[in-house]
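J.: Sharing a structure with you now.
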Ligand SMILES: Nc1ncnc2c1ncn2[C@@H]1O[C@H](COP(=O)(O)OP(=O)(O)OP(=O)(O)O)[C@@H](O)[C@H]1O
Ligand SMILES: [Mg+2]
């Protein structure tokens, strides 16, 4: 299966993609992730090398993603997409073949506005909806919001969960807390991913039947 990690702008995608993929490797089920870096920055790909990842992250910043990459049935592809605000063409291509979309956002007005009410860009929700026309099943991929950089006890987590649900989005129960360790982790090896929130994320996706 293929999981597209998206956001209109910087949203925690690369950090979460790296940790989530490691949580899959560490999970009890024998998941075999393969990464795809569909962002011109190529940070996910670079991290896989400097961080000595136990799986490959392929460079994949292409508007022909849907014709260039096939994920073997026994593997889970994790795609780190670039900003849809600036590179919608690449994400459009990924969305044609994605089985699950995770929208990464902080529970802030700044992130909320760029998702819900961008002044001169196509809303990411519309981008996902429009992908249906070019998908084999003619329906948009299942899409869930992952709140990240949350602060324990802060009202913002519940507030933005409710606001996103009011806008029609599914929001995962699992949240990724704001953490200096996560903030500093890109470029370095990852260990113990399944013990924290990323392990909970894997479990929640399993429980919801979203991991195939
Ligand atoms: N859980 C976290 N706690 C604290 N800081 C975080 C967390 N996750 C990510 N960050 C920081 O937030 C910033 C954005 O994260 P990241 O680079 O993963 O986002 P991105 O969506 O990949 O951005 P871009 O699309 O610009 O590549 C980085 O400085 C990162 O270190
Ligand atoms: Mg990134």
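The values are calculated or read from the model by the stated rules, or taken from the named source; none is laboratory data. Fair warning: this is a prediction, and the values are worked out from it, not measured in the lab. Quick reminder, even Gly has a Cβ in these numbers, built from the backbone with ideal geometry, and neighbours come from all protein chains shown.
J.: Which numbered condition trips up residue 90, out of (1) near ligand 1 (Cβ under 9 Å from one of its atoms); (2) touching a strand residue (DSSP E or B) at 6+ places or on another chain (Cβ under 7 Å); (3) closer than 20 Å to residue 124 by Cα?
T.: Failing condition for residue 90: (1).
J.: So, one more: Between residues in region 187-212 that are surrounded by fewer than 16 Cβ atoms within 10 Å (Cβ to Cβ) and residues that are outside any loop (DSSP other than H, G, I, E, B), which pairs lie under 6 Å by C-beta distance while being six or more apart or on different chains?
T.: Correct list of pairs: 187/47; 187/50.
J.: For region 25-118, give me every one of the helices (runs of 4 or more DSSP H) that falls completely inside it and has 1 or more residues that are buried (at least 21 other Cβ atoms within 10 Å of the Cβ) and away from ligand 2 (no atom under 15 Å from the Cβ).
T.: 65-68, 88-97, 109-116
J.: Tell me, please, whether a residue that is modelled with pLDDT of 95 or more, more than 18 Å from residue 14 (Cβ to Cβ), within 17 Å of the chain's Cα centre (by Cα) and part of a strand (DSSP E or B) can be found in region 182-203.
T.: no
J.: Against the conditions (1) over 24 Å from residue 14 (Cβ atoms); (2) crowded, with 16+ Cβ neighbours inside 10 Å, where does residue 129 fall short? Just the number, please.
T.: Unmet condition: (2).
J.: Sticking with this structure for a sec: Out of 50, 67, 108, which single residue is out of contact with any strand residue (DSSP E or B) (no Cβ under 6 Å at 6 or more places or on another chain) and either within 13 Å of ligand 1 (Cβ to nearest atom) or under 25 Å from residue 147 (Cβ atoms) (or both)?
T.: After applying the criteria, what remains is 108.
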